[in-house]
Every structure is written in C-alpha cells, then in structure tokens.
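This report concerns only the one structure given below.
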Amino acid sequence: MDLKRYIRDIPDFPKPGILFKDITPLLQSPEAFRRVIDSMASYFEGKHVDAVLAIEARGFLFGAALAYRLGKPLVPVRKQGKLPFETYAATYSLEYGNDTVEMHKDGVVAGHRVAIVDDLLATGGTMAAACRLVEKSGGQVEGLALVIELTELDGRKLLQGYDIFTLIEY
Ligand code: AMP
C-alpha cells in the first residue's frame, strides 16, 4: 500500500512558506489507518513497552490506537497549561521563540519503558522534549514512532541514541 497517497500537501498553512502535511485523508481510509497502527505495533512488539506516550494533537490519534492495540497505558503530552494535575515541563526552541510541552508527574512510572508517538518528524524538537519528559520521570525511551519524516530537516540529529520508526519519508 502506498501510504503517500493518503497524505495531502497544503502549501502556506498555517503560515506562508510552510508545506503542511495533512493526514486527514489517511484517517478517512480505514485500510490506511490500520496499516499505520499495525506497522507501529509490529515495530514495538519486538521491543518491551510498558506505556505509550502520545503528543498533542495529531499524535493522540495514532498513540491512542497504538496503546489500545498493544494493551498498554496511554499517557498524553500536551501544550503548556492544558493538563490539570502536577506536571513535568520541557521547553524546546522553534524558528521564532520557544514552546513547552507537559506531562503529568504520575504519567510514567520510574523504570518503565515508553513508546512515544507523533504524526510527523520535522526538526525533532517536539520529540526531543517528549524524551526529556520521560527521562525526568525516571522512565526510559524504548522507541519513537511517527507516520511521516521530513528528512531534509534532519530531526534525527536531535534524537541521537533513540530508536526511530517512520512510515513515510519526504
Ligand atoms: P518538530 O518539533 O520540528 O519536529 O515538529 C513536529 C511537530 O510539528 C509535530 O507535532 C507535527 O505535527 C508538527 N509539524 C511540523 N511541521 C509540520 C508540517 N510540515 N506538516 C504538518 N505538521 C507539522
């Protein structure tokens, strides 16, 4: 199955100069969505996963399905100020300014091995921040899974030492 057929390019969204990779056609195809989740599940079935961390917002869609499929706890990573309980925070730099993601302090059990899921790897800043959240809580990053990788942005450079699984490369 050619999963690229289910990714729609939207030029200049959300601002000029950005080529947005729209995954909604993939979500609308039960076969393509199942292929993505099954592939991620196969990757992690060869590893040891105690919990799945899903990154707001599109990472929730894939992370939730993967957690269900693996039969493991699901932990949300959200933008600053959205989670109601005590949190760990990690800040990363964007082209202009910074962004912060948070996770509940009781989200990951110390010593547990965690799969982290998002829709797309660009510069790697978001994923690197999520890895720091896991490590702050005493957990260990077992692997990272993303649907799309924008290889030109070399996000893997920020994620050296982590195992990374991606399905579609541009
Ligand atoms: P980064 O931290 O630079 O790796 O950016 C990854 C995060 O930003 C992911 O959560 C993506 O959903 C989002 N993102 C970055 N670039 C794009 C893009 N071209 N199309 C869609 N989402 C993107």
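The values are calculated or read from the model by the stated rules, or taken from the named source; none is laboratory data. Here the structure is a predicted model, which is why all the values come from computation and not from measurement. Surface areas here come from the heavy atoms of the whole protein model, side chains and all, with no ligands, DNA or RNA. Shrake-Rupley method; radii C 1.70, N 1.55, O 1.52, S 1.80 Å.
Heavy atoms of the protein only, probe of 1.4 Å, neighbouring chains included. What is the accessible area of SER29 in Å², nearest 10?
Ignoring ligands and nucleic acids, SER29 comes out at about 10 Å².
Which residue fluctuates the most in the chain, going by a Gaussian network model with Cα springs under 10 Å, if the choices are GLY17, GLY107, GLY155?
Among GLY17, GLY107, GLY155, the largest mean-square fluctuation in the Gaussian network model of the chain belongs to GLY17.
With every protein chain left in place and a probe of 1.4 Å, what is the accessible surface of ILE55, to the nearest 10 Å²?
Its heavy atoms expose roughly 0 Å² to the probe.
Assuming a ≥ b ≥ c are the square roots of the Cα gyration tensor eigenvalues, decide whether the chain counts as rounded (a/c under 1.5), prolate (otherwise, with a/b larger than b/c) or oblate.
Oblate, since a/c reaches 1.5 and b/c is not below a/b.
Could you tell me what percent of the accessible area of the range 48-169 is made up of carbon and sulfur, with a 1.4 Å probe and every protein chain present?
Ligands and nucleic acids excluded, carbon and sulfur give 48 percent.
Determine how large the accessible area of HIS104 is when every protein chain is in place; take a 1.4 Å probe and give Å² rounded to the nearest 10.
Surface open to solvent at HIS104 totals about 40 Å².
Suppose all protein chains stay in the model; what accessible area per residue would a 1.4 Å probe give for the range 28-99, in Å²?
With the other protein chains kept in place, the range 28-99 gives 57 Å² per residue.
So, in Å, what gap is there between the alpha-carbon centers of the range 21-52 and the range 95-156?
So the separation of the two Cα centres works out to 17 Å.
In terms of solvent-accessible area of protein heavy atoms at a 1.4 angstrom probe, what is the ranking of THR100, THR91, highest value first?
Values: THR100 15, THR91 75 Å².
Of THR100, THR91, the descending order of accessible area is THR91, THR100.
Mind listing the long-range amide H neighbours of ASP50? Cut-off is under 5 Å, sequence gap 5 or more, other chains count too, H placed in the peptide plane at 1.01 Å from N.
ARG113, VAL114, ALA115
I'd like the antiparallel share, as a percent to the nearest 5, of DSSP beta bridges with both residues in the chain.
Beta bridges within the chain, antiparallel portion: roughly 40 percent.
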